[in-house]
Amino acid sequence: MTRFIKILRYLAAALFAAMTAGIIVLTATYLYLAPGLPEIDTLKNAKLTLPLRVYARDGDLIAEFGKERRTPVRYSNVPDLMIKAFLAAEDDRFFHHPGVDYQGLLRAAVHLIKTGRKGQGGSTITMQVARNFFLTREKTFLRKFNEIFLSLKIEHKLSKKEILELYLNAIYLGNRSYGIQAASQVYYGKNVHELTLPEIAMIAGLPKAPSRFNPVINPERALIRRNYVLSRMRELDFISEEDYQAARATSVVASLHGLRLQVEAPYIAEMVRSEMLKRYGNDIYSRGFRVYTTIDSQSQVAANKALRKALLDYDRRHGYRGAERNFIEVLELGREQWDRILQDIPAVGGLEAGIVEVVEDKKVHVYLTKDKEIVLDWEAMEWARSFIDVNQRGPVLKSATKILSPGDLIRVYKNDKGKWLLSQIPNVAGALVSLTPRDGGITALVGGFDYFHSKFNRATQARRQPGSSFKPFVYAAGLAKGFTPASVINDAPVVFNDPALEGVWRPENYSSKFYGPTRLREALVHSRNLVSIRLLREIGIGYTARYLKRFGITSNMIQRDLTLALGSGSITPLELARANAVIANGGFMINPYFIGRIEDDDGTVIFRANPEIACAECEERNALKDVKTDNKALAAVPEKPAEKEDEKPRLAKRTISAQNAYLINSMMRDVIRRGTGRGALRLGRSDLAGKTGTTNDQRDAWFSGFNSELVATAWIGYDKVKPLGNRETGGRAALPMWVDFMGAALEGIAETPLKQPDGLVTVRIDPETACLVSSNTRDAIFETFVAGTLPKGCADSGRPQETRKNSNTQPDVIF
């Protein structure tokens, strides 16, 4: 008995000595490591790596840029089952230990001694937070001690809920997803609160080995891991036996889901990314900036749809170029092989890829993917006469066997009526951009058929000849020089022998006809080329070039010769929209912009746009203040309350007179009412103005138009400049795109009448001679003039005299 007591004493002494030594070692280790331990206070305001997000002005998500996909979730918004699943999988004693689970460490140590392998229980959630935020992933005892001491400090500074919130938002869960919300989106395309129990368990099982247990790449291993998490949840009584059995019986349904974007606007997203990179450098991909653009979601959707429809309609008019390729060699290998082929061929502009299975006389069976088969009837493909060139198609199609064969890879899409149609990726390109004329905010922008097919942004980068869409600015220069909408100029042949034009130039109208003496209003309405050239010659090229700067059209955009009258320079759709905005807003130069505000990751606004605003009312208010007047007159113009210096609105500079802007606006409204833009009449609005544009050989087709609320420009052409084909004018190719867009963008917006400014007089004139006539004159029309420029009551009324001659067909020869 005495010997047994001695042994116990020795063991107790040894244990005490070991504990003392352990305490001394731990204390010494802590004293050694403590100076190098990071401050835990930083976790209070921890900055997670967050991507750059781009939004429409109404908050719809447009794009996300960054290496890590992460969307932080507050602890209060995390489903209770999600918390329990992670506790079951990673640290079921989390709410009971001080950051280090001594029981778990002892259990892991015993397991290591017995088996020589690491077991569960050695690392807590708090220790994982310490590792993720402060430590490297090297496996050394020194790092483990650092982890332990940091965990104790973390628990001292943060609450359990704060620690768990950090963990659930920071943990890597595979496929670039960090945090539970990102993982929910990546694997299931859902928000975290929408997940089912088996889906929650699947995500909770990922931290241990995100690649090995990835449910998309390794569904078998992922299933084992998920079921282990479910069994732990059942052991801990987190779920019922019934729920456990039901969840175990569920198969793996995870698949990769792309970012859930709410608005398709990749061209504007890239413009934002580029601008942010200039402002803030490479930090933009990790600092969590939120950029709210000027894009209107409804308008952007309408722009995408309108452009694609216009390009597809053009393509159908010119014939079918055939299948993209043929997979006849794999046709007998079955649908599993077809799926492998199709999964690597993305949709382009909504056109899905499919493999032709069976071709009948008037019907074609097409396999899309994942056992999805469609049937194209004759109506869906009878348009597909073979393409020869832009002016020729093959004979009328009589059988599907003439254009398609089994194994062909083709493109199809579903129209608004739910009908599948044969299609093809257009070779022709296009662009559409719209902005508000009041301040220049871009509301919609599409730079091509599909950004991922071609990243070239034609709305801002494609410099093309504007053709006749340029004429309103030349006419505005003429009005400023003393011409009026009723000035008569002879539309007759003219020959120019000008060295600057490299030889003899014989311009003509699109119709190849000549119409004799023509009022300027009629010349613009019907896009008469000869009148425009004679007008430019009369007012002077130099003067016109200087005047065009008032529309933002600089010397590098234009040709300094008479071809300028026909739009021979080069301009982008956005620049043309900006120029038309000067007319739409009554004469003010605005600057297009697309970033409304920028927020940091905390939601603090660090930039807010303050664009220059076109404000005729402000002009009136300032004019009243500059003259002596009575109090009643001043009270008639509303005053705004005083604003802070940095919040004061910036007023746009007036560059053309209100009278000039009104007259050109009214002339462009007539283009739509009874001229080359008549196709816009189907919108049923009377407040629209615009101008078609077609260049030589129909290489470019334009329509640019507006009302007081919105300016939009549509363009169609080939990237490598070549003819679009006979009759592919601005009115046929581009105008339908503009009409479809404006119809949707202006839906619900009331018409705005054209307000006539002071200094204008409307009188009756003779439509043939432009002479002032009485109210009794038959066929008289109304015309508006700047005060002081009214015609006289005779045939010799207007200017310039030398251009008001008879309509002889002998050409003027000018050297």
Mean-position separation - Cα centroids, the stretch 245-290 and the stretch 161-180, in angstrom: 16
In nm, spacing of pseudo-spin labels at Asp601 and Glu235 (7 Å Cα→C-beta vector): 3.6
Heavy atoms of Ile345 accessible to a 1.4 Å probe, total area in Å² rounded to 10: 40
Long pairs among Lys513/Lys720; Lys305/Lys653; Lys47/Lys160; Lys481/Lys755, criterion Cα-Cα beyond 27 Å: Lys513/Lys720; Lys305/Lys653
Cross-link table Lys370/Lys402; Lys153/Lys278; Lys309/Lys370; Lys455/Lys691, entries beyond 30 Å C-alpha to C-alpha: Lys153/Lys278
Candidate aspartates and glutamates - alpha carbon under 12 Å from Lys398, same-chain residues fewer than 8 apart omitted: Glu360, Asp361, Glu379, Glu382
Protection-proxy order for peptides 707-719, 383-395, each taking the mean of Cβ atoms within 10 Å per residue, highest first: 707-719, 383-395
Virtual spin-label span in nm between Val763 and Arg279, 7 Å along Cα→Cβ: 5.4
Net charge contributed by nearby residues that have their C-beta within less than 14 Å of Arg335 (K/R +1, D/E -1): -3
Cα gyration tensor shape for the stretch 722-781, rounded if a/c is under 1.5, else prolate or oblate: oblate
The stretch 273-411: relative contact order in percent, alpha carbon pairs under 8 Å with at least 6 residues between: 28
Spatial separation of Cα centroids for the stretch 333-355 and the stretch 523-591, in angstrom: 48
Extension gain (nm, one decimal) between Tyr718 and Cys618, 0.36 nm per residue minus Cα-Cα: 31.6 nm
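The values are calculated or read from the model by the stated rules, or taken from the named source; none is laboratory data. Small disclaimer: the values here were computed from a predicted structure and weren't measured. Note: ideal-geometry Cβ built from the backbone for every residue, glycine included; neighbour counts use all protein chains shown. The accessibility values were calculated without ligands, DNA or RNA, using every heavy atom of the protein model including side chains. Shrake-Rupley method; radii C 1.70, N 1.55, O 1.52, S 1.80 Å.
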